[in-house]
Amino acid sequence: MRPLALTLLLLATASAQERPLPNFDTFAAEVKKHLATDEERQSGYMFIERRSEQKVDSSGRPTSQSVKVFEVYPGLPGENRYRRLIEQDGRQVVPAKLAQQDRERQQNVESFVRAQNSESQRQKAARENEKARRRYAQAIDDLFRIYDIRMIRREAVDGHDAIFATLTPKEGVKPVTDDGKIMRNFSARAWVSESDYELIRVEIEAIRDLSFGLGLLARVHEGTVATYERRKINNEVWLPAKVTWTASGRLLLLRRLRLRGVSEFSGYRKFTVDTSTTYGMPK
């Protein structure tokens, strides 16, 4: 780097750090308003998801890898998003299989429409949506109750001024939700847009071993790290860009598996009834 450019960079960094950090209570209240799940963020969009999954040995070396590419569309109310597999391990899915996927999807949509024609089904769906919203709100309250959150410094991330903060579980705080019980097992580092109050990046680290299904289904070991990254799309909305994770488990309760995965999201397009229903075959 040239001396002049280095000097300007150092001056800009020094100037950013001279500015006092935002008031914690005010900033945290705004961040809380903007928190939303990736499912909710992506619900109005169609996009491409590239999902890589590796099996690794005890030393962390890959032993096999699977790569799948999906077109992802908004799901039916109360259901997961529709993932249309278009490529697997570098090979395009043949048109006949794509057509089969589309037929099965069309049948599911028609069945859903028929079921929703009754008033009782509509009321049931409304109750389930409200229950999910309450659960999420309670989980967010648990997050701010469980963690000691400290704003450390201001950093630049992808051209955005971000507040870097650490989240450490407090001792003796009892969670209200099941999500909160899981949170207690993780510490976190977060980068939050100072102007938009949006999460840009989160790194979550297990501070103790954590088992699921009594340890028979999966196990997260102390020191395991997962990362979540978001990007501002079209200068208007923050959407997921990349997720990485690791885990271990057992196959048929016998053979131990260690897995590492990466999901990358791109090609976001707002979805409406007039949106083209396909991206076309991948290049």
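The values are calculated or read from the model by the stated rules, or taken from the named source; none is laboratory data. For clarity, every value in this text was computed on a predicted model and none was experimentally measured. Cβ sites come from the backbone with ideal geometry, for glycine too, and all protein chains shown count toward neighbours. The area values use the complete protein model at the heavy-atom level, side chains included, leaving out ligands, DNA and RNA. Shrake-Rupley method; radii C 1.70, N 1.55, O 1.52, S 1.80 Å.
Just a few scattered comments:
- For the stretch 134-171 versus the stretch 27-99, the gap between their alpha-carbon centres in whole angstrom: 25 Å
- Extending 7 Å from the Cα toward the beta-carbon at both D148 and S266 defines two label points whose distance is 4.2 nm.
- Directionally averaged projected area (convex hull, Cα atoms, the stretch 29-88), nm²: 6.8 nm²
- Distance (nanometres) between label positions extended 7 Å along Cα→Cβ at S111 and A29: 4.8 nm
- Counted residue by residue at 0.36 nm each, then reduced by the alpha carbon distance between them, the extension gain from T168 to S118 reaches 13.2 nm.
- The largest accessible area among K68, K174, K97 belongs to the first residue in K174, K97, K68, and the rest follow in falling order (1.4 Å probe, all chains).
- Tail beyond 20 Å, pair distance distribution of the stretch 143-230 (Cα, percent): 41 percent
- Applying 1/(1 + (r/R0)^6) with R0 = 25 Å to the Cβ-Cβ distance of R103 and I182 gives a FRET efficiency near 0.05.
- Among the listed pairs K33/K131; K55/K270; K97/K242; K32/K170; K32/K174; K55/K242, those beyond 23 Å (Cα-Cα): K55/K270; K97/K242
- Largest first, the residues R81, R133 sort by 1.4 Å accessible area into R133, R81.
- To the nearest 10, the accessible area of V202 is 20 Å² with a 1.4 Å probe.
- Label separation (N80 vs L259): 1.1 nm, computed from points 7 Å beyond Cα along the C-beta direction.
- Charged neighbours of R260, selected by a Cβ distance under 10 Å, balance to +1 (K, R count +1; D, E count -1).
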